[in-house]
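K.L.:
Here's a structure for you.
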Amino acid sequence: MFCDVPKEFLLFSTHANRFADKGGNRRPIAFGPTNWLFAVTAAQPNYADRDGRILHNFRPTLSQGVRAMLDISFVPLLAARMQVDRTIYSPNGYLEALKSASAVLAYGGDFYAPIMNSEWFAKHQKDVHELHSFSRLDRDALILRWDSWRFWESLVAGCVTIHLDFDKYGFELPVQPEAWTHYIPVDLENLSASAEAIWDRRAEWKDIAAAGRAWALEHYAPAPTAKRVLAELAKVLP
């Protein structure tokens, strides 16, 4: 998302957001799942046998303001209603947790604002230009770096995937997921209502988990991803 690339080059860009543009000839692309992940999750447990936990398996890292903010404001609302597992698992332990948990907090990203409108930043802070210079920025603030491995791991493992609302916050993928069909959306303007909906609509979790996995397999496994990339290249190459 943050690279400045001459427009004669085609760039497949993660973290695409329809409210912002860095210029150039860009196509949205996803982190996506791997064939290995599909293989190790091929044997899906009966969803009714999952234990009701929501995994919160975020390792400390930089530029994750969304997670930090929701740790303060949203996760406590969930924890008042259901078990939130904050264990930082080893890779093998995490894989086993994905097979037994019911849902996963899979959001990520950081907040961006038009700070280059500041004359001081524009003239004196050259080190922030690459991250904060946009040819178009349609919001006073927006979220970038929103894609995460947690999102795809949760989907493919057959968990209910909890993420910020794709449509509301402008997140772009080649094929968009549908809220309450493939994932459960979080609305930053009404976190209490979001937490209540997750709890009140528990009867839908099984269907959302199954639909989310099917959607990821159909559109974002390596084979359909490769075909999509080749089709886009064919449009621009001689």
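K.L.:
Once every DSSP H run of n ≥ 4 in the chain is given -39500 (n - 2.57) and the sum is divided by its residues, what mean residue ellipticity at 222 nm do you get, rounded to the nearest 500 deg cm²/dmol?
P.N.:
The helix-only estimate for the chain comes to -10500 deg cm²/dmol at 222 nm.
K.L.:
Based on alpha-carbon centroids, what's the gap between segment 11-53 and segment 127-156 in Å, whole number please?
P.N.:
Spelled out, the Cα-based centre of one part sits 14 Å from the other.
K.L.:
Right, something else. Taking the 0 to 90 degree range and rounding to the nearest ten, how far is the long axis of helix 191-200 tilted relative to the main principal axis of the chain, both from C-alpha atoms?
P.N.:
30 degrees
K.L.:
Given the C-alpha atoms of segment 88-211, compute the convex hull and give its volume per residue in Å³.
P.N.:
Convex hull volume per residue, Cα atoms: 142 Å³.
K.L.:
I'd like the Kirkwood hydrodynamic radius of segment 1-136, using the inverse of the mean 1/r over distinct C-alpha pairs, in Å.
P.N.:
In segment 1-136 this quantity evaluates to 18.3 Å.
K.L.:
Here's something else I'd like to know. If one takes the longest principal axis of the Cα atoms in the chain, at what angle in degrees, from 0 to 90 and to the nearest 10, does the Cα axis of helix 205-220 lie?
P.N.:
On a 0 to 90 degree scale, this one is about 40.
K.L.:
With the radius of gyration and the Kirkwood radius both derived from the Cα set of segment 67-126, what is their ratio Rg to Rh?
P.N.:
1.23
K.L.:
Relative contact order of the chain, please, whole-number percent, based on alpha carbon pairs below 8 angstrom and at least 6 residues apart.
P.N.:
Answer for the chain is 25 percent.
K.L.:
Hey, another quick one. Figure the gain on full extension for Asp138 and Tyr47 (residue separation times 0.36 nm, minus the Cα-Cα span) and round it to one decimal in nm.
P.N.:
Length gained, Asp138 through Tyr47: 28.7 nm.
K.L.:
Any chance you could give the angle, 0 to 90 degrees and rounded to 10, that helix 222-236 forms with the longest Cα principal axis of the chain?
P.N.:
Tilt of helix 222-236: around 20 degrees.
K.L.:
May I pose another question? Starting from the coordinates of the alpha-carbon atoms of the chain, obtain the Kirkwood hydrodynamic radius over all distinct pairs and give the value in Å to one decimal.
P.N.:
19.0 Å
K.L.:
Would you mind classifying segment 114-187 by shape? Square roots of the alpha carbon gyration tensor eigenvalues, ordered a ≥ b ≥ c; an a/c under 1.5 is rounded, otherwise it is prolate if a/b is larger than b/c and oblate if not.
P.N.:
prolate
K.L.:
Rounded if a/c is under 1.5, else prolate if a/b beats b/c, else oblate: with a ≥ b ≥ c from the C-alpha gyration tensor eigenvalues square-rooted, which is segment 147-225?
P.N.:
oblate
K.L.:
When a/c is below 1.5 the answer is rounded, else prolate if a/b is larger than b/c, else oblate, so apply that to segment 199-238 with a ≥ b ≥ c taken from the square roots of the Cα gyration tensor eigenvalues.
P.N.:
prolate
Bear in mind that the values in this text are calculations on the coordinates, not laboratory data. These numbers were taken from a predicted model, which means no experiment stands behind them.
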